Amino acid sequence: MEQHHEHHEHHEQHGHEQHGHAHGAAGGPVSWGAAARATLHCLTGCAIGEVLGMVIGTALGWGNVPTMVLAIVLAFFFGYALTLRGVLAAGVDLRTAIRVALAADTLSIAVMELIDNGVIALWPGAMDAHLSDPLFWIVLAIALAAAFVITTPVNKWMIGRGRGHAVVHQYHR
């Protein structure tokens, strides 16, 4: 928290007061574009984890539940990892970077995974579709698109209150 305060003062001293508001770092209006970019960032990590988890689970001959659990764990891992990469590149120490990633991405990834896996679980035949089956890829694409559409307003709301990806933007140079 102290680092955030010092960083924010640094921006104010150098005439960058509007930078925080453009990203919602200090709360206030947030554009749909900013919310969509934050959501796309989370979606990228989730998609990598989902697909990798399903590939690994399928290759190991696991059933639906353990494969889905692995996919969800990997979605969180890759979602956090993408954020960590950017925050660490800004020169933040690992402990702070982990706290930033957890604060920025947890709700977004959780909503995304709930929607994504809910669509897959409820779509007739999707849980039994194999990686070589077009149904698998079609339903996955629809599920990820639905997750994006539903999570974007969540991210917009969070960024507007100085939470979620607004926390990450405090560390961008």
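The values are calculated or read from the model by the stated rules, or taken from the named source; none is laboratory data. Note that this is a predicted model, so its numbers are computed, not measured. In this analysis, Cβ positions are derived from the backbone assuming ideal geometry, glycine residues included, and neighbour counts consider all displayed protein chains. In case anyone asks, the SASA skips ligands and DNA or RNA and just uses the protein heavy atoms, side chains included. Shrake-Rupley method; radii C 1.70, N 1.55, O 1.52, S 1.80 Å.
Quick notes on this structure:
- Extreme residue, farthest from the chain's Cα centre (by Cα), among residues of segment 57-69 that are among the β-branched types (V, I, T) and open to solvent by 60 Å² or more (accessible area, probe 1.4 Å): T58
- Per-region count, segment 52-78, residues in a helix (DSSP H, G or I) and farther than 23 Å from N155 by Cα: 15
- Within segment 84-110, no residue that is in contact (Cβ under 8 Å) with a residue 12 or more places away in the chain and on the phi < 0 side of the Ramachandran plot sits with its Cβ atom under 7 Å from a residue that is open to solvent by less than 70 Å² (accessible area, probe 1.4 Å) and basic (K, R) at 6+ positions apart or across chains.
- Selection from segment 106-154 of residues that are assigned to a helix (DSSP H, G or I), hydroxyl-bearing (S, T, Y) and either open to solvent by 60 Å² or more (accessible area, probe 1.4 Å) or in contact with a strand residue (DSSP E or B) (Cβ under 8 Å, 6 or more places away or on another chain) (or both): none
- Residues considered: A129, A145. Of these, the only one that is aliphatic (A, V, I, L, M) and more than 26 Å from A34 (Cα to Cα) is A129.
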